[in-house]
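Below is one structure, written out as structure tokens, with a few remarks after it.
The values are calculated or read from the model by the stated rules, or taken from the named source; none is laboratory data. From a predicted model like this one, the values you see are computed outputs, not experimental measurements. Positions of Cβ are generated from backbone atoms using ideal geometry, with glycine treated the same way; all protein chains shown enter the neighbour counts.
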Amino acid sequence: MDDPALIELRAGNRRAVIAPHIGGAIAAFFDLTDQGEPLHWLRSASPEALAARNPLGMASFPLLPYCNRLRDARFVFNGEAVDLSQDGNAFDHALHGHAWRRPWKVLTASANAVELSLTHEPSGETAHHWPYRYEATQRIELTGAGDLQVTLAIHNLSDKPMPFGMGHHPYYPRTPSTRIHTHVRAMWHATPDLLPTRLDAHESVGMLASKEGMSANAFDLDNNFAGWSRSATIEWPDENRSVTLTAEAPFNHMVLYAPAAHPDLLCVEPVSNTVDFLNLDVPQEDRGGGVLRPGERVQASFGWRPYSGPNGR
């Protein structure tokens, strides 16, 4: 990772590599072993992904001003119809907002922390764009305890209320032994193109909360979960190590992506809203998301704590 645009954070033997120019993404989070080899806590970006500036190939990237999909890239808010079908998103159902597809500005940088910003200006753009002006910031820090902490904020700079959701999209190393431990209330079942149908029970809910946790290979999943405890541990028991993700409200929802067709991919994502939240007629606690008044700002933090030891966690 010798790209001069990358920023390396350090705390002892722990490293985090930030790619402001690639969607404000985290490119890597790892320890340097005594042999000088990296031990990855998140899936590291490949040289090809870095060269292509592909956010989907990073370790984790921000989701703003909403998470997940919006049906047909459209919604109606406060009587205003919003069409995002031509905002540059290559998906049929607008996906993850646009912040991950734009370069972020570096505000400050030190040995162990960096602050990034992104300002969205809808004025002067053609139709089919997010019609609300806002500023987003990320503070990404390697703490003294070795945690990787992210504080994500969004500030409504427009003169009208703005709907919003936010989150991050981390990928983890996935092996045949990888297990996931967390607590959720219910799972959003979905159509083949991943739009929500009903919030209901699923066998994974109980397995995730069990002492043994759930194998990453137990189900073919690309689903949102409501009522998340805001803590999840990804464990590699054969390697005696794990990493725990914890988050503040409003990250009350979780996405679990463990596709059977791609056994190398695993995502456990802290998010504030479920899929298509702006088009769902369900209780607020089930769909998430929020509304920012003109001038209002909200921020929340989440982070990862690695652990290596005899019991793995």
Open item on the list: Residue under question is Asp193, and the condition is that it be of a type outside the set (Ser, Thr, Tyr) and modelled with pLDDT of 95 or more; does it hold?
Closed with: no
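Residues checked against (1) among the basic types (Lys, Arg); (2) loosely packed, with under 13 Cβ neighbours inside 10 Å:
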position: Arg14; (1), (2): yes, no
position: Leu32; (1), (2): no, no
position: Glu37; (1), (2): no, yes
position: Ala59; (1), (2): no, no
Open item on the list: Being at positive phi and more than 19 Å from the chain's Cα centre (by Cα) narrows it down to one residue among Asn217, Asn240; which is it?
Closed with: Asn240
TODO: Please work out if Gly227 is at positive phi and surrounded by fewer than 18 Cβ atoms within 10 Å (Cβ to Cβ).
DONE: yes
Task: The one condition in (1) surrounded by fewer than 20 Cβ atoms within 10 Å (Cβ to Cβ); (2) in contact with a helix residue (DSSP H, G or I) (Cβ under 7 Å, 6 or more places away or on another chain); (3) more than 26 Å from Asp31 (Cβ to Cβ) that Ser46 fails to fulfil - done: (3)
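So which strands (runs of 3 or more DSSP E) are wholly in the stretch 142-189 and hold at least 1 residues that are farther than 26 Å from Leu95 by Cα and charged (D, E, K, R)?
On the way: elements: 148-156, 162-164, 179-182.
The strands (runs of 3 or more DSSP E) meeting that bar are 179-182.
A quick yes/no check of all residues on (1) hydrophobic (A, V, I, L, M, F, W, C); (2) surrounded by fewer than 20 Cβ atoms within 10 Å (Cβ to Cβ); (3) in a loop (DSSP other than H, G, I, E, B):
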site	(1), (2), (3)
Gly206	no, yes, no
Asn217	no, yes, yes
Thr246	no, yes, no
Ala261	yes, yes, yes
Asp286	no, yes, no
Pro294	no, yes, yes
Gln299	no, yes, no
Open item on the list: Residue under question is His98, and the condition is that it be without any contact (Cβ under 8 Å) to a residue 40 or more places away in the chain, within 22 Å of the chain's Cα centre (by Cα) and farther than 24 Å from Val243 by Cβ; does it hold?
Closed with: yes
Task: Residues satisfying the stated conditions in the stretch 54-66, i.e. more than 23 Å from Lys160 (Cα to Cα) and outside any loop (DSSP other than H, G, I, E, B) - done: Pro55, Leu56, Gly57, Ser60, Pro62
Task: In the stretch 67-124, the residues that are surrounded by 16 or more Cβ atoms within 10 Å (Cβ to Cβ), in a strand (DSSP E or B) and charged (D, E, K, R) - done: Arg69, Arg74, Glu115
Task: Residues of the stretch 1-43 satisfying the condition of being among the acidic types (Asp, Glu) and assigned to a loop (DSSP other than H, G, I, E, B) - done: Asp2, Asp3, Asp34, Glu37
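Given the criterion within 30 Å of Ala190 (Cβ to Cβ) and touching an Asp or Glu at 6+ places or on another chain (Cβ under 9 Å), identify the matching residue among Ala113, Ala94, Ala81, Ala90.
It is Ala94.
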